[in-house]
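These notes are about the structure you will find just below.
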Amino acid sequence: MLSTFHSLKKWAEYEKVHYTLSDKDVHDVQKLLLLIMDDIHDVCTENNLRYVMTGGCAIGAVRHKGFIPWDDDIDICLLRKDYDRLPELINKAYPGKYTVQNINTSPDYDLNFMKIRLNGTRFVEPADNDKRNAGLFIDVFPIENVRKSRIGRLWQRFTSDGLQFICSCVRIKDKYRRMGAVIEADPELGRMLGKKKAIGTLFSFRSLRKWLLTTEKALSNCHNDKSDIIAIPAGRGHFGGEQYLRKWFMDPVLMQYEDRQYFFPKEIHKYLSHLYGNYMTIPDEADRERHTIIEYDISKYADMI
């Protein structure tokens, strides 16, 4: 119950006005995401920032030498100190080309990870607060240091996951009125959302933004850059499910991704096995996610894809 992110992936399908990406759309999105990723790669390498592609991108690199065929997103991770430098460097290298959203740069943004959005495109999801700046995006997650002692790690997990749960509940409370179509179409999900709304109401003595800032501070409060363990607490597995040996990620390696090369965790097989189990099994067609959104337009870049 910590996160409703994956449960709400079909939110747009329940809205009266929505757009389901076709196979051609997915192909076009993938091409444009690669162009965005090229810019991020260049900024990182020119400024000695270490990034790794993770999640479905890592599966795709191993299993398909590129995108999972039906996938339409890119996730990357950077060490916290590099993550914090990235927004300014992106804006300096490509002024006006991108909107970098995080809780420090965008007052309406409500997640504890970053989105780098391509201006001049539209890729609007129902959960987006700032629909004016809702272009095609790449998700960027911070890699956090983990305390050495067992008690320290337990406390770090408790505060990290606890605060993220509070943020999730307050976020649901704030958006509950917009979720009418979801609640009506999926009663079971609606009941879960109702419970989180109730919890969120209890914690609404502070604004969501203040909770997010408190959470950001808690996530990044271990400053031991040589700790044996790192975590990606803003990722799908949160702090408890996304702890890894630092040596798995450090010294990233270049791997083929479509007709490019990008950086991936050094021990990519150990990373993927930890997070997904048997990641080489291709899911049945019915289980493959197809992105449905509210608004889609990448025509400005048609001649580049």
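None of the figures in this text is laboratory data; all of them are computed from the coordinates on show. Keep in mind that this is a model prediction, so the values were computed, not measured. Don't worry about glycine lacking a Cβ; one is built from the backbone with ideal geometry, like all the others, and counts go over all protein chains shown.
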Backbone N within region 78-120 under 17 Å of label point (7 Å from Lys217 Cα along the Cβ vector): 103-105, 112
FRET efficiency estimate (nearest 0.05) - Cβ-Cβ, Val17 to Met192, R0 35 angstrom: 0.90
Sites Val62 and Glu184, calculated FRET efficiency, Cβ-Cβ separation with R0 41 Å, nearest 0.05: 0.50
Selection from Asn133, Val182, Phe205 lying farthest towards where the dipole of region 11-304 points positive, charges on Cβ: Phe205
P(r) of the chain over all Cα-Cα pairs, binned every 20 Å from zero, in whole percent: 32, 63, 6
Mean ellipticity per residue at 222 nm, deg cm²/dmol - from DSSP H runs of n ≥ 4 across the chain, formula -39500 (n - 2.57): -12500 deg cm²/dmol
Set of lysines with alpha-carbon distance to Lys173 below 27 Å, sequence-local pairs under 8 removed: Lys9, Lys10, Lys16, Lys115, Lys131, Lys195, Lys196, Lys197, Lys210, Lys217
Label-point separation in nm, Arg246 to Arg288, each point 7 Å along Cα→Cβ: 4.0
Efficiency of FRET between Asp38 and Lys148 - r from beta-carbon atoms, R0 35 angstrom, step 0.05: 0.40
Charge dipole of region 1-117 about the Cα centre (unit charges at C-beta), most positive-ward option of Met53, Leu32, Ala93: Met53
